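Take a look at the structure set out below.
The values are calculated or read from the model by the stated rules, or taken from the named source; none is laboratory data. Source: prediction; values computed, not measured. Glycine gets a Cβ as well: all are built from the backbone with ideal geometry, and neighbour counts include every protein chain shown.
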Amino acid sequence: MKFGIFMAPFHRAGENPTLCFERDLELIEWLDRTGYNEVFIGEHHSSGWEIISSPDIFIAAAAGRTRRIMLGAGVVSVPYHHPFNIANRYALLDHLTRGRVMLGCGPGALAADAHMLGIDTTQQRRRMIEGVKAIMRLFTEEGGITLDGSYFRLNDAHLQVKPYQQPHLPIFVANTISPSGMVAAGELGCGVLSVAAFATGGLEGLPKRWAVAEESAAEHGKTVSRANWRMVMPIHLADSKKEALDDIREGGNAWIQDYFIDTLGAKIQFEEYPGQPREELTVERMVARGGAIVGTPDDAIARIREVQQASGGFGGLLGLAHEWASREKTLRSYELFARYVMPRFQGTVAEIEYSQRWAAAQRDMLFNKSVAGIMTAMNDYKQHREALGEKPSEIADQPITRVRP
């Protein structure tokens, strides 16, 4: 399983954006050092909290400060751009990073963005599929491509430089509440970024979502792979569940109430009954309903296994990047996850644990062998000194009964 983050990012309105960007880059550096596999970076243009407007520029900056982590758009709002420009920019990035780039695509998440650009929100999903199909053709086809699209034209178009990764860099589409993302993934034959994967509908909805992708793929002569299915959810770890909740309570409530409810009007996603007071829509309630992993590393391991079982399997888990805790506690959370959670799903500790159990089971026999070796060496030394007519050191007569720690 692959692990990483989905960086919207979320920063409270009113903060210095330059410092916010720097913290985001430093976080990606930290993830690179601690062994995470990938990061997806969002595109937003309004509403105050999600302030990266160009994933490709941000990826270019992050690439120069990292060594191995994969860097993806999470996501490019395809209807906002000409597909030819998207294809060219990400093919270039793929070369500059020697194949560390992924292309996540979506229709555009914020209605305010589409409004400013004069885009009809009812046409965004259709335009996204149309645009991604053009990008895939530009990535893979030789010679000119001519298309008279609904919102763009291509006349004998081709990329001078194809992507570094062949046949092309990994492509994902975003899926949120509606089934449109899964339908698109099947039609395009690409990966899925399930944002808020089971905050609505619970675990029982996951197999149904994947079935939609498979049905759509079969209808369009494509295939989809669970290995390219990424689950996205908020995660915060500490030494106890109480500590973890205490860490994020104030910041998490601000994220839910100030941003999603007061700014985006998304109260319907959190209500359990009509007219529920804003103050009752809290991070504790979100955690209790399974919309986030908040607790200890053991809690995270148990929850991921539960999701694996319920979903039928998926290829990666992305933490929804937050600044809902202090900087120090946020970095420690990512470190705890890398040290204790990721290895359980990547096969890196099983043999170590086997070796420890094996040595413990054989400890008496192995200790006796060790003592025999030490005694042999001491006797050899004693005999050598005596052969030279010298008195051996007293250490040669010291009994060996145990090894001190």
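Let's see how each residue does on (1) assigned by TED's automatic domain parsing to the domain that holds Lys162; (2) among the hydrophobic types (A, V, I, L, M, F, W, C); (3) surrounded by fewer than 22 Cβ atoms within 10 Å (Cβ to Cβ):
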position: Leu31; (1), (2), (3): yes, yes, no
position: Gly64; (1), (2), (3): yes, no, yes
position: Gly72; (1), (2), (3): yes, no, no
position: Val75; (1), (2), (3): yes, yes, no
position: Pro79; (1), (2), (3): yes, no, no
position: His82; (1), (2), (3): yes, no, yes
position: Cys105; (1), (2), (3): yes, yes, no
position: Asp120; (1), (2), (3): yes, no, yes
Positions within the range 234-253 being touching a Phe, Trp or Tyr at 6+ places or on another chain (Cβ under 6 Å) and not in a strand (DSSP E or B), in sequence order: Ile248, Gly251, Gly252
So Phe58, is it assigned to a helix (DSSP H, G or I), closer than 30 Å to Ser150 by Cβ and in the same structural domain as Ala184 (by TED's automatic domain parsing): yes
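Which residue, of Gly143, Gly118, is at positive phi and modelled with pLDDT under 95? Full working, then the answer.
Working: Gly118 fails: modelled with pLDDT under 95.
Residue meeting the stated conditions: Gly143.
Suppose we filter Ile256, Ile177, Ile268 for residues that are assigned by TED's automatic domain parsing to the domain that holds His11, at pLDDT 90 or above and not in a strand (DSSP E or B); which single one remains? Give the steps one after another, and end with the answer.
On the way: Ile177 fails: at pLDDT 90 or above; Ile268 fails: at pLDDT 90 or above.
After ruling out the rest, the residue left standing is Ile256.
Go through the range 183-233 and give me each residue that's part of a loop (DSSP other than H, G, I, E, B), modelled with pLDDT of 95 or more and in contact with a strand residue (DSSP E or B) (Cβ under 6 Å, 6 or more places away or on another chain). Steps first, answer last, please.
Of the range 183-233, the ones part of a loop (DSSP other than H, G, I, E, B) are 189-190, 196-204, 220-225.
Subset that is modelled with pLDDT of 95 or more: 189-190, 220-225.
Result: Cys190, single match.
Mind counting the residues in the range 130-141 that are of a type outside the set (S, T, N, Q) and surrounded by fewer than 18 Cβ atoms within 10 Å (Cβ to Cβ)? Break it down into steps so the answer makes sense when it comes.
Kept after step one, since they are of a type outside the set (S, T, N, Q), are these residues of the range 130-141: 130-139, 141.
Within this subset, residues satisfying the condition of being surrounded by fewer than 18 Cβ atoms within 10 Å (Cβ to Cβ) are 133, 137, 141.
Within the range 130-141, residues that are of a type outside the set (S, T, N, Q) and surrounded by fewer than 18 Cβ atoms within 10 Å (Cβ to Cβ) number 3.
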Whichever residue in the range 1-46 is in contact with a Pro (Cβ under 8 Å, 6 or more places away or on another chain) and assigned to a helix (DSSP H, G or I) and, among such residues, is nearest to Val341 (Cα to Cα): Asp24
Within the range 282-391, helices (runs of 4 or more DSSP H) holding 1 or more residues that are buried (at least 16 other Cβ atoms within 10 Å of the Cβ): 283-288, 297-311, 327-336, 342-346, 363-387
